[in-house]
Each structure stands twice: as C-alpha cells, then as structure tokens.
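Written out below as structure tokens is the structure these notes cover.
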Amino acid sequence: MIEVEALRKVYRSPKKQPGLAGSLRALFHPEWTELAAVDGVSFTIQPGEKVGFLGPNGAGKTTTLKMLAGLLLPTSGTIRVAGRTPFGRSTEHLQAITLVMGSKQQLRWDLPPTETFELNRAIFGLEPAAFAETRDELVALLELEPLLNRPVRNLSLGERMKCELAAALLHRPQVLFLDEPTIGLDVRMQVAVRQFIEAWNQRTGATILLTSHYMADIEALCDRVIVIDGGKLRYDGALSALIAQYAPDRRVVVRTLRPPTPAELAQAVGFVEEDGSLVAMTPPEGVKDVVGLALRVLPVRDLSVEETPLDEVIRRLFAEERPR
Amino acid sequence: MNRTLGALRAELRLAAMTALAYRASFFGEALLALLTIAWTLLPIFVLYDQRAGIAGWTRDEAMLVNGCFILLEGLMSALIEPNLRAVVEQVRDGTFDFVLMKPVDPQLQVSVHRTSPTRLPHALAGLGVVIWACLQLPKPPELGDIALAGLLLGSGLLILHALFTLVVSTAFWFVRVDNLSYLLTNTLDVGRWPLTFYEGGLRFFLTFVVPIGLMTTWPAMALRGLLSPGEVAMGLAVALGFSLAGRLAWTTALRRYSSASS
Amino acid sequence: MNDLLRALRAWPTLLRVGLAEMVAYRAELVIWILTSTTPLIMMVIWSRASQDGAVGDYDADALARYFVATLIVRQLTGCWLVWEMNQDIRTGAFSVQLLRPVNPLLIHAANTLAVIPFRVLLLVPLVGALLLWKPAAADALGQVAWLPFALSLTAAWLINFFVQAMMGCLAFWWRQSLGIFNVWHALFLISSGYVFPLSLLPPGIRGFAEASPFAYLMSAPVELLSGRLQGAAAWQAVGGGALWALLCGVGAAVVWRRGVAHHEAVGA
C-alpha cells in the first residue's frame, strides 16, 4: 500500500543572529543553513497494517508524513501510496487517503459538525446513500449524537477531535495518516480515540500510519513501529521485537509490610531500593526465580512484574546510536 | 465537473451560514453602507461646488464613476477580500494543508470558502448611486450601454480577483503579510475618480499596468454612451490576461509551499 | 504606583523589542506603512480640480501643502491597535498577555512608537518626491508654529490610540468590533479633514466635525503644519486636542477595566 525508497528532504532556513545588530544584518545579508529533515528513509507498508511512527521532535516524522500525503515534494527518492505518486495530489490519490492533525482542525469553527460533514460529502462527491451509511456508522462508533448540532467552538477539545475524525473518514479512505491525534486529550478520550481507530481498521481494513508522543497510543494500536531520528531510519519492525532487543528485562517490584531487616536485604540478591519499594531487573527466563526469592526472604505485601516502559526502550535505542 | 460545482455550492452555503452566525455585523454593515455613501459623495459636492466640470466630467458624471466604485468595492469585500485573506491565515496556522487534501482545485476552494454576503449592502448602495446618477444624465443610458457597463464591471471583478490572488500568493514567501489586502484596497481608492483626473504617467499606469481606471471609469463611460463594443472587448481581454497572471502566481506559490521550487 | 514604575522601567526594553520585531517582519512593515495612500490620491485630485481656480480659501499651492501635511500627520499618528486587539482576543493570545506584569496596552503603545523611525524613513523619500513635484508646498515652513504642532501631533496620536483601544475593548463583549470601527473610520474620513480641508465642508457638518475629536485627529495638526494657524489660534487647537486626549484617555481606562473584568468573568 505504501512504498518508500531512499526518501530525502533537504530544507534551507535563514540563519538569524541574536540581538538588534544581528536582526539588522539579517535584513541586508540573509544567510542560509541546509538541513536534511529526512535522509534516506525506506520502508514498505502492507494494506491494513497499523504502523507507529516514532521519534523525537524534529526527527523528520511530520516531514515524511507530509511527503506521503502529497503536501511536500521530496528532494529525492520515490514514494508510492496505493500505487500512485502522492505529489501532484491527483483526485484519485486524495480520495484514497486522509490526513488528521491533532493540533489543527478542518471543522468549521462557527457551525455544527454536521455542516462540515455535508461539505465534505459535496467535496468528495459521495453518493447520498453511501454517505449516510458511513456517517451513521461513524456517529455510532464515536458517540457523536449529542454533539452534532452544536457549533464546533462550543465543543471541548476531545469532542472536537472525535468530530474531526468523523469528518476525515466520510470518504472511506484506504490510508489514514494520523499526526498526533491524541495530543492534549484527557486519558479517557485518548482511550476512546484509540479504540475507535482499532475498530475502524477492523471494519474497513484501512492502512494506518500514526505518529504520536504518547507511547500508550503506539502500544495499544501498532504491531509495527518505524523509528526515525535525525532524518534516518533507526528501527523498522515489530514492536515486540523492539522491546525484546532493547529492553527484554522485566522489573520485579516488591512492596513490603514493614521495612525489611538488613539480614533480609542481604538475602534478597539483586533487589535495590527504589521509592520505598524493592526492585530487581531480570531477563524473562529469570522472573520465576526472582519472584520465588522475593516471596521466600522478604515480608511481601505486594508484588508485580512489569515490562520496561516503551519510553525507556526508545531512549535506549537512541542512546545506542549516539556517540559517547 | 459536477462534483466540483457541487463542492463550490456547498462551500458558498457554508460561508453564508457562517456570515449569518454573526448577527451584529449585519446591521453594522447596513449602517456602514449609508455612511459610505455620505463620505464618498461629500468630496464630489465639495469639489464641484463652484465648477461645472473637471477634466471633462460633470458632477453627475463623476457620480457615475463613484457609484461604480462603491458597487465594485462592495462586491469585492463580499466575494473576494474575505476569501483570499483567509488563505493568509490558513497558511500561517497550518490549516491550509486541509485545503490541499481536498480533491477540488485549491484556488477554486479559496475563492469561495469565506464569501461574506453581509457586505452586499455596500454593493447595493453603490448600485443605488449609479442608478441615481444615470437618472441625472442629460441622455439616459440605453439597454445596450447598460449591458456593456455590466460586462465591464464583471471584468473589473475578475481583475480584482486576480490582483488579490497575486497579493495573497506572496503570503507563501513572506510569512506575515496580514494586511496586504488593506494595501490593495487602499491603492484601489484611485478608482473613485474619473481616469482623466489623473495625468501623464499616472494615467498610463492606471489604464494599462494596474487597470483600476478600466474598472470604474470605463463602465461609467459605457453608461454615458461613449464606448464601442470593440473597446469593451479589449477590456475583457485585459481581465482575461490578469486572471491568467493570477493563476500563474498562485500555482507558483503552491509549488513554493510544497517546496517544489525553492 | 509600583506598577507604573515597573512599566516605565520596562519601557526601553519594550521599545527595543518592538523595533527588533519590526525588523524581522520587514515585508509586512513596508506594506503597513504604505496603506495610507489617500493623501497622495487627494493631492492629485485636488491639484487637478484647482487648476481652474481656488477651492474655497485654498489655492493650488495651499492644497498641495495641506495634503503633504496630511500624509505626514497620518504616518506619524497611525496605529493598528484595534486590529491587533481583535485578533488577540479572538485567538486567545490576549489571555496570555494579561498574565504579564505589564499592561498589554503599554506593550502595544511601545510597539506602535517603535515603528515611527521606519515610518520616518519611508516618509523622507516620499515627501521629497512630492516636494519636487510641488515645490510650493514647502513655502510655508517658515510660518509653522513648531511647538504647538508637536503638541497637537502628540494629542492626535493619543486620541487615535485611546479610541482604538476603546474600540478594541468592544471585542470583549461583541467577539468582533471591526464593524463598529469601520463606522468610526467612515466618520473620520468625512469629518477629520483627511480627505479635504474642513473649511470646505457645508456649515452643519463642519460644526459637528470641529466639535468632535475628529478635527483634532487630523485637521488641527495638519493646519498647524501647513502654517495656517498662528498664535492664539494655534494654542486653541492644542488645548482642544489636549482636552480630547484626556477624555479619550479616561474613556479608554474605564472601558479597559470593564472589558478585562468581563473577560475574566466570561473566560477566554
């Protein structure tokens, strides 16, 4: 569905010196720096896949997304989305994709969402019957019924985001580009959005490309992640494999009934004190032994086995690439 | 094609609804229309207080030009200004991407998406002035003359659209050009007066380079029965030329926006 | 008192930052400054009209002088506060500004004043070109009462600023106050002397104009700069301007306080 080969995007931006003298100098002699926002990225995504796009700010995620959507012309390399070149924004390409940006909206501010839905119906030339069916489906899935006739400006951020998603999917695109769709939303709404995206993918088989800073989004939705940093591809593969490679260890966290005695601590090999709990790291195979040890020598009140947080996984991935 | 027309119709409908959502503006606009007549026509009365004619135009004939100007200005502020000014804001806050993601030509979209019918009272006021002035003329205009004048006003609108497009296209280069549109509307003020009021290089400039004279003086001349169909055809050709130039500027700007050309 | 002192101390920095901002947006700046083309157009029109004879008590040279003065006064007293306030209130940026320990209006004032050097920069070649075209316009320079002019100009700036502040504040209640400002602007065009000297107006309208702040926004400083007001008349013009500046200042303070209170009550 999506094929990217040796993609590059180079930007020129003006150099500005601080201070008034610098500003005046920039007025008469502007200087430029070149920056490769995307530098030789390649990947292939199959129909129906849900892929997470990870990376720090300025890594090149949004630039790549914009090139995939057709908003930006790549400096070099090839892109095919649903068999077409995105740039040029042909009608067929635009009918096949949709772009949702968490921090921006296409809904008309002063009018109810239904009006924007109607507008999109006309813009995409949707048949009334098919449109009604899709719209009703989206309204049901997103629970939009009470929101439909209120002006968008009167809706909360979360409510707006749900309506935004509906407006973006009325034309049943094959590919969804989601740029930080849950940004600024409360936890409950984040979960709702994730569940919706999952449901939509199941129903329509749409391919999903998602960028997010919330690891919970990625964990919940994506089986595969593509990690970009400094414009370069750092990792492309199953999320589980990423975790296994960079943070296979489990954390065993023990909370005790009372502070443990020095003798007990000496016996609890591998456990260190952390925020009032005792924590030990162990590869998956060793969990059984460590848990057994803890239960034998410590006055355990509460015990849990955790995976390394995804944030930590990513951090390790990047740390590996950084020169020491 | 059908889809595009349907899309444009839908955009206009939404624009009208948005405009009507602000009730207060509407009455302010009507009041403003009346005041506009006053402030526009007062100078003419003052100017012609002790003279019958200036540069070949009597007071009532100069009123024709003024009326055409107000009419055009009203149409411009309803149909052109708000639409293209919105583009500048969209480019700045990043929502212009949504325009590009719709399968309708972006220039068409932005030409109608914020149409503001609340400004139409202005145009009506202008029309009123034109009609009044026509009635004062020694020889009232014939149907053919009125048709020619209408054509010229239409091509004037096309030229204005092109000028605005040219101006807004620069928004893709200079990030903050909020009020280029104000500059344009202020410059167009020269169109209040008959072209012959201006002399030499300025008149040439206003006839051929930025044909504001064409937009207001020529329709008035048509109503006075002074223009031939050939000259009107020339006016239409100029409008067409400007539209093409506007389109070119727009597509160049879009290429720049997508850094297809840096 | 502390607030005022703090504001005064911040003033040089505010001016400097305003200046740097203006330099950063050089294209926009030139455009803003060029938007006042009306005096130029009026000069051409009136020059054509007065070719056959004087208009009222203004001959061709006097008209040229008048409109060069109009251009200068317009440039030096112009500000775009009402647009900025409308935008800030609409986008919510205003709420952020309220959280700073300096009154937002002071910041706007600093930004407006910071542009004046640029306006002067653009005025010099423009006025120079106009004087080449109509040398007689400079004839009356020797007769200009400079101190009254400077004071009248300051009053005009203050009146414009305070009125725009009041209009901008209306956006607290009406969400958008540019409509009413356009009405004000239309009245300004008729009765301030911007488009033609006030003495050419029919008596009724002239009376209204001269009793209103409009006359002091444009006509008073312009008449002073063209050397038509001397001695007692000059100081009368200054007095009228100062009075209106004071009234508008009080009005602005009241409307501002009410507006901010409303904003706090209703929310951004």
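Within region B:176-189, if we keep just the residues that are buried (at least 22 other Cβ atoms within 10 Å of the Cβ) and touching a Ser or Thr at 6+ places or on another chain (Cβ under 8 Å), the residue that is modelled with the highest pLDDT turns out to be B:L180.
For B:A16, are the conditions met, namely being assigned to a helix (DSSP H, G or I), of a type outside the set (S, T, N, Q) and either crowded, with 19+ Cβ neighbours inside 10 Å or more than 14 Å from chain A (Cβ to nearest Cβ) (or both)? So B:A16 does not fit the description; no. When the strands (runs of 3 or more DSSP E) confined to region A:220-300 are screened for residues that are surrounded by 11 or more Cβ atoms within 10 Å (Cβ to Cβ) and of a type in the set (K, R), those reaching at least 3 such residues are found at A:250-256. Does B:A21 meet the test of being surrounded by fewer than 22 Cβ atoms within 10 Å (Cβ to Cβ), within 14 Å of chain A (Cβ to nearest Cβ) and modelled with pLDDT under 85? In short, yes.
Here are A:G52, A:G48, A:G58: which of them is more than 11 Å from A:G231 (Cα to Cα) and not in a strand (DSSP E or B)?
Step by step, each of A:G52, A:G48, A:G58 is checked, and only A:G48 is more than 11 Å from A:G231 (Cα to Cα) and not in a strand (DSSP E or B).
Note on region A:61-77: residues that are outside any loop (DSSP other than H, G, I, E, B) and either touching a residue at least 40 places away in the same chain (Cβ under 8 Å) or touching a Ser or Thr at 6+ places or on another chain (Cβ under 8 Å) (or both) amount to 10. In this structure, B:F96 does satisfy being buried (at least 19 other Cβ atoms within 10 Å of the Cβ), within 13 Å of chain A (Cβ to nearest Cβ), in contact (Cβ under 8 Å) with a residue 24 or more places away in the chain and not small (G, A, S). So for region A:150-168 (the condition being farther than 22 Å from B:T95 by Cβ and modelled with pLDDT of 90 or more), does at least one residue qualify? Taking every residue of region A:150-168 in turn, none turns out to be farther than 22 Å from B:T95 by Cβ and modelled with pLDDT of 90 or more.
For region A:64-74, does any single residue satisfy the condition of being over 24 Å from B:T95 (Cα atoms), assigned by TED's automatic domain parsing to the domain that holds A:V193 and either touching a strand residue (DSSP E or B) at 6+ places or on another chain (Cβ under 6 Å) or aromatic (F, W, Y) (or both)? Reasoning before the result, please.
The first filter runs over region A:64-74 and keeps only residues over 24 Å from B:T95 (Cα atoms), leaving none.
No: region A:64-74 contains no residue that is over 24 Å from B:T95 (Cα atoms), assigned by TED's automatic domain parsing to the domain that holds A:V193 and either touching a strand residue (DSSP E or B) at 6+ places or on another chain (Cβ under 6 Å) or aromatic (F, W, Y) (or both).
For region B:205-236, the candidate set comprises residues that are over 13 Å from the mean Cα position of the chain (by Cα) and within 14 Å of chain C (Cβ to nearest Cβ); within that set, the residue that is surrounded by the fewest Cβ atoms within 10 Å (Cβ to Cβ) is B:F205.
C:S36 passes every criterion in (1) surrounded by 20 or more Cβ atoms within 10 Å (Cβ to Cβ); (2) in contact (Cβ under 8 Å) with a residue 24 or more places away in the chain; (3) within 8 Å of chain B (Cβ to nearest Cβ) apart from (1).
The requirement of being out of contact with any strand residue (DSSP E or B) (no Cβ under 7 Å at 6 or more places or on another chain) and either touching a residue at least 24 places away in the same chain (Cβ under 8 Å) or within 10 Å of another protein chain (Cβ to nearest Cβ) (or both) is not satisfied by A:R80. The condition of being under 21 Å from C:N182 (Cβ atoms) and away from every other protein chain (no Cβ under 13 Å) does not hold for B:G154. Take B:D60 and tell me if it is part of a loop (DSSP other than H, G, I, E, B) and surrounded by fewer than 18 Cβ atoms within 10 Å (Cβ to Cβ). Spelling it out, it is not the case that B:D60 is part of a loop (DSSP other than H, G, I, E, B) and surrounded by fewer than 18 Cβ atoms within 10 Å (Cβ to Cβ). The test for being of a type outside the set (V, I, T), surrounded by fewer than 24 Cβ atoms within 10 Å (Cβ to Cβ), under 25 Å from C:K134 (Cα atoms) and in contact (Cβ under 8 Å) with a residue 60 or more places away in the chain does not hold for C:L229. Only residues that are at pLDDT 75 or above and more than 30 Å from B:A62 (Cβ to Cβ) were counted across region C:24-57, and they come to 0. The sole residue among C:L200, C:L217 that is touching a residue at least 24 places away in the same chain (Cβ under 8 Å), more than 14 Å from every other protein chain (Cβ to nearest Cβ) and either more than 16 Å from the chain's Cα centre (by Cα) or surrounded by 16 or more Cβ atoms within 10 Å (Cβ to Cβ) (or both) is C:L217.
From the list A:G52, A:G60, pick out the single residue that is at pLDDT 80 or above, surrounded by 22 or more Cβ atoms within 10 Å (Cβ to Cβ) and more than 18 Å from A:Q174 (Cα to Cα).
Criteria check complete, one pass: A:G60.
It is to be established whether one or more residues within region A:80-92 are in a strand (DSSP E or B) and either among the hydroxyl-bearing types (S, T, Y) or surrounded by fewer than 21 Cβ atoms within 10 Å (Cβ to Cβ) (or both). Checked region A:80-92: at least one residue is in a strand (DSSP E or B) and either among the hydroxyl-bearing types (S, T, Y) or surrounded by fewer than 21 Cβ atoms within 10 Å (Cβ to Cβ) (or both). The lone criterion from (1) modelled with pLDDT of 75 or more; (2) more than 9 Å from chain B (Cβ to nearest Cβ); (3) surrounded by fewer than 18 Cβ atoms within 10 Å (Cβ to Cβ) left unmet by C:E21 is number (1). Do we have A:L242 as at pLDDT 85 or above and hydrophobic (A, V, I, L, M, F, W, C) here? In short, no.
The set of residues in region A:121-132 that are under 29 Å from the mean Cα position of the chain (by Cα) and either more than 8 Å from chain B (Cβ to nearest Cβ) or more than 19 Å from B:R13 (Cα to Cα) (or both) contains only A:F131. Scanning region C:140-185 for residues that are within 14 Å of chain B (Cβ to nearest Cβ) and of a type in the set (S, T, N, Q) yields a total of 3.
Of all residues in region A:88-98, those satisfying the criterion of being on the phi < 0 side of the Ramachandran plot and either at the interface with chain B (Cβ under 7 Å from one of its Cβ atoms) or without any contact (Cβ under 8 Å) to a residue 12 or more places away in the chain (or both) are A:S90, A:T91, A:E92, A:L94, A:Q95. Residues being among the charged types (D, E, K, R) and buried (at least 18 other Cβ atoms within 10 Å of the Cβ) are entirely absent from region B:30-53.
The values are calculated or read from the model by the stated rules, or taken from the named source; none is laboratory data. Please read these numbers as outputs of a predicted model, since none were measured by experiment. Here Cβ is always computed from backbone atoms with ideal geometry, including for glycine, and neighbour counts include all displayed protein chains.
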